[in-house]
Amino acid sequence: MATDSLSIDRRNLLLTSVALAAGAGISPSASGAHAAELNPQPLPPSPGWDQALPSGPDASVKITEAYAAHVARDAFFWAWPLVNMYNRRLAFSTMKEHRYVGPLLEAPLNELTMLTDYVDPEERNVACPNQDVVYGLGLLALDVSPVVVQVPDFGDRFWVYQIVDLRTDSFVQLGKMHGSTPGFYLLVGPDWDDEVPKGITRVFRSSSSTGLVAPRIAQDDTSEDKSAIQSVLTGIAMYPLAEYDGRMKSIEWSKLPKVPGASHGEEETRWVFPEKFFDELPIVLADAPPLPGEEARYAQVLAVLAAAKDNRELKQAMIEAARDAEENLVNPLFQFRNYGQQLPHHWSTISNESAFGTDYFTRTAVAKSNILVNSPDETKYFYQDLDASGARLNDANRYTVTFAKDGTPPVNGFWSLSIYNEHHFFVANAINRFSVGTKNKGLKLSADGSLTIYVQADEPADAVQRANWLPAPKGDFSLYVRAYWPKPAVMDGSWTPPPVEKIN
């Protein structure tokens, strides 16, 4: 990402213009308005606030190491997801072709690559993947070029394109639940004002230049559907505006090069480093201008960064504070039980996913534990680390999750119950099963119409239990319900998941 004087000037202009716009009562952008629908923003500043208050800290005043550390600790927490996304963009900036590297996807910036089946269980780049959909992935650099996203005709198949900005907030509504039609959709950055080419169905404007695109296309767990989905996958594409000619492009994803990939270990690829954080932060903040109410926060951080630029003691104090924040603030949020709206039977959820606004705690918690969630009207998530008694889920025990008759998640799309190891990833098992739900055509109902899922490490001897078996990985694990295109009962909280009962 560019760091030249033009970027710095742009940042200063953005900081000033946003402050003046807030004081003048100028309405937010369309993307901000969408976020506000799901996560109401703070009230506007008091009248005349920008004249009554200093525009920011006095840069000529000496500050203490303790104060620099205080600001750094706070900034590390709330900007952690933004730096995470920035470093994902940096990683994709080195990619020159579409290909598969081990279990991972590669694509040049402003393009994407599609899988042709469920994600490989060895994937470690994004925690809590699912095996309900076929994924695609691409990173946006809208400061380089606007981007065209192709949507083919998916027929009756469930689909949704997740497209988020640097803050991991969605700025696009593109999917079956939105009534989106096949066509060409244009993604533009905050400053783009050129003419929209003929044939573009709709334009979506991002609040930042950096973003991520991840199509999700539903697939049944049958060989027939895995074959049937291939023809529609070829119509999914993303490319710079200069390549748009009004004709649908077709890409045979199955023919992409496949090369071995290096081992990525057991945990999610690390994207945020305290030692580099404050070198990257000015670039990140320039790409994500302050939301209403964030002007003073940005000014405070930028002033401390400026003071530490040529002061090794201040810089070291900030790095140590970031390390402390990582260990004591961010890392504990990897555990689902440490955040979220608390529901019956120790389940939890959130309601402002991908529309976090200034909810810094939830944004960072989600980014740490399961980054890149869909908007709640697209997919609703429920998290579980504990059994009904409050004990940690562990493969030493056997569990059941029983949905009463007609009690599975009420959805217009489909639902699933996934299982993850202590690192929030899949672990290979004998039947290659990592989730159960609508996609599984062989699940067995009880005589009363209920559905019991058997969560355990060992294979059940009973044939019915074996059909409904969700293999548990070694050690502690977590369960995760997804309700795709949820009905009102899921959205308003009148439906929540059943308890996880220990049976041994």
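So that you can scan it fast, the table gives a plain yes or no per residue for (1) surrounded by fewer than 18 Cβ atoms within 10 Å (Cβ to Cβ); (2) assigned by TED's automatic domain parsing to the domain that holds A483; (3) closer than 16 Å to R73 by Cα; (4) of a type in the set (A, V, I, L, M):
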| residue | (1), (2), (3), (4) |
| --- | --- |
| A286 | no, no, no, yes |
| P292 | no, no, no, no |
| V301 | no, no, yes, yes |
| E313 | yes, no, yes, no |
| Q341 | yes, yes, no, no |
| T349 | no, yes, no, no |
| A355 | no, yes, no, yes |
| V366 | no, yes, no, yes |
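Screening the candidates L166, L109 for the property of being touching a helix residue (DSSP H, G or I) at 6+ places or on another chain (Cβ under 8 Å) and without any contact (Cβ under 8 Å) to a residue 40 or more places away in the chain yields one hit, L109. Of the residues making up the stretch 339-380, those that are assigned to a helix (DSSP H, G or I) and within 19 Å of L479 (Cβ to Cβ) are P344, H345, H346, A365, V366, K368, S369, N370.
Filtering the stretch 247-280 to residues that are exposed (fewer than 15 other Cβ atoms within 10 Å of the Cβ) and in a helix (DSSP H, G or I) leaves S254, K255, E275, K276, D279.
Determine, yes or no, whether E459 is outside the structural domain of N125 (by TED's automatic domain parsing), among the acidic types (D, E) and more than 30 Å from R270 (Cα to Cα). So E459 passes the test.
Residues in the stretch 392-433 that are under 20 Å from the mean Cα position of the chain (by Cα), surrounded by fewer than 21 Cβ atoms within 10 Å (Cβ to Cβ) and not in a strand (DSSP E or B): how many? Total satisfying the criteria: 3. Can you find even one residue in the stretch 227-235 that is surrounded by 17 or more Cβ atoms within 10 Å (Cβ to Cβ), part of a strand (DSSP E or B) and in contact with a Gly (Cβ under 9 Å, 6 or more places away or on another chain)? No, the conditions are met nowhere in the stretch 227-235. Suppose the filter is within 26 Å of the chain's Cα centre (by Cα) and not hydroxyl-bearing (S, T, Y); does M238 pass it? Answer is yes for this residue.
Tell me yes or no: at least one residue of the stretch 492-501 is within 25 Å of the chain's Cα centre (by Cα) and under 29 Å from S223 (Cα atoms). No, the conditions are met nowhere in the stretch 492-501. As a summary of the residue check, S389 satisfies the conditions (1) modelled with pLDDT of 95 or more; (2) assigned to a helix (DSSP H, G or I) except for the one numbered (2).
On the given criteria, is Y454 farther than 23 Å from P103 by Cβ, in contact (Cβ under 8 Å) with a residue 60 or more places away in the chain, buried (at least 21 other Cβ atoms within 10 Å of the Cβ) and of a type in the set (F, W, Y)? Judged against the criteria, Y454 is not a match.
The values are calculated or read from the model by the stated rules, or taken from the named source; none is laboratory data. Being a predicted model, the structure only gives us computed values, none of them experimental. Quick reminder, even Gly has a Cβ in these numbers, built from the backbone with ideal geometry, and neighbours come from all protein chains shown.
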